[in-house]
1. Are there any pairs, at least 6 apart or on different chains, whose C-beta atoms fall under 7 Å, with the first in region 116-129 and within 22 Å of W37 (Cα to Cα) and the second among the hydrophobic types (A, V, I, L, M, F, W, C) and open to solvent by 40 Å² or more (accessible area, probe 1.4 Å), and if so, which?
2. Being within 26 Å of A58 (Cβ to Cβ) and basic (K, R) is the filter here; which residues of region 214-264 pass it?
3. Could you list, in sequence order, all residues of region 134-178 that are at pLDDT 95 or above, part of a strand (DSSP E or B) and surrounded by fewer than 18 Cβ atoms within 10 Å (Cβ to Cβ)?
4. Considering only residues that are open to solvent by less than 10 Å² (accessible area, probe 1.4 Å), part of a helix (DSSP H, G or I) and touching a strand residue (DSSP E or B) at 6+ places or on another chain (Cβ under 6 Å), which ones fall in region 211-266?
5. Among residues belonging to region 179-190 that are in a strand (DSSP E or B) and at pLDDT 95 or above, point out the one that is nearest to R265 (Cα to Cα).
6. From V72, V39, which residue is β-branched (V, I, T), open to solvent by 20 Å² or more (accessible area, probe 1.4 Å) and under 27 Å from A177 (Cα atoms)?
7. Suppose we filter region 48-63 for residues that are open to solvent by 60 Å² or more (accessible area, probe 1.4 Å) and either at pLDDT below 90 or in a loop (DSSP other than H, G, I, E, B) (or both); how many remain?
8. Six or more apart or on different chains, Cβ under 7 Å: which pairs go from a residue in region 150-177 that's over 15 Å from G36 (Cα atoms) to one that's open to solvent by 10 Å² or more (accessible area, probe 1.4 Å) and of a type in the set (D, E, K, R)? Could you list them?
Amino acid sequence: MTVTTTPASVGESRGLPSLGPEGTALLRLLDDTFEGWGVSAGARPMTMPPLLPAADLARLDYYDNFPHQAVVAAPLDLSARETDEFCTDSGCFPCTALQPAALGLPSASCYAVYIDHQGRQVADDTLITVVGWCFRKEEHYEGLRRQLGFRMREVVAIGTREHAESHLTRFTSRIQAFAEALDLPLRKEAACDPFFDKGSSKAVLQRLTPVKHEFLYEDLAIASVNTHRNFFGDRCEITLESSGSPAFTSCAAFGLERWLSALTRRHGSWGAATEAVLRANAAGPAI
């Protein structure tokens, strides 16, 4: 099939492409679809902040496990404004022109959910859905496939081990049924997300029992299902109302721009990709 492409945006080489009206409409349609799956399962929609305290992310081992992806934000130090090095010709600010970077730009939407629930007791079957801007420093950027800033819809389960596990089973079926209706061949593969210290016993368990499975179109992961066991429940002191023990968590994640890339490559144009999603949705709810 011949795949039509749109002209590259100014920011594409920097991992910051723009979307025109057709791409924007399809992104919204996909996000509405994935959010609807969560709501139909009982998830509460929430809105999370785009930045998080770096100290909270550090407490979750984020900067130990994902230093290669980390992006932080810092305000300008106005006391350095009169110096020659305040802003260089390249448009970059040197470290001396910045205050300490106390804010982090997360690489996944679910981190904000766990931090928001810090110190709370939750029902055994809590479900939350959020969409957020996520940021990842990559070795290279490529159109809608690999970006510095992108949107991720997640449906997050917090509760008992059984609740977290059944959430992943249910959403695995949803993703596979939706992909079949879209005529979008996906390959499910085990992946490794180092939520735990690589030298710990938990890391050994993670290698024996994968905590993340990705759904790939060609070589591109466009969705994943992830279990964190009670890692976030323990670190954020999220406990169960029924027992007081640390909650288990899991999430289903959808990289929205990556879905756009896969659908347009498969179906050849924005219009054909949109029609495929509309037909899949009209065929009935996913399993």
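The values are calculated or read from the model by the stated rules, or taken from the named source; none is laboratory data. The shown structure was predicted, so the numbers you read here are calculated from the model rather than taken from an experiment. Counting neighbours? That spans all protein chains shown, and the Cβs are built from the backbone with ideal geometry, glycine included. Protein only, heavy atoms only, side chains kept; ligands, DNA and RNA dropped before computing areas. Shrake-Rupley method; radii C 1.70, N 1.55, O 1.52, S 1.80 Å.
1. If the second residue must be among the hydrophobic types (A, V, I, L, M, F, W, C) and open to solvent by 40 Å² or more (accessible area, probe 1.4 Å), the pairs left are I128/M46; T129/V39.
2. Matches in region 214-264: R229, R235.
3. Hits for region 134-178: nothing passes.
4. Correct list: F232, G233, L256, E257, W259, A262.
5. R187
6. Values: V72 fails: under 27 Å from A177 (Cα atoms).
On inspection, the qualifying residue turns out to be V39.
7. Within region 48-63, residues that are open to solvent by 60 Å² or more (accessible area, probe 1.4 Å) and either at pLDDT below 90 or in a loop (DSSP other than H, G, I, E, B) (or both) number 3.
8. The qualifying pairs are G159/D124; G159/D125; T160/D124; H163/D124; H163/D125.
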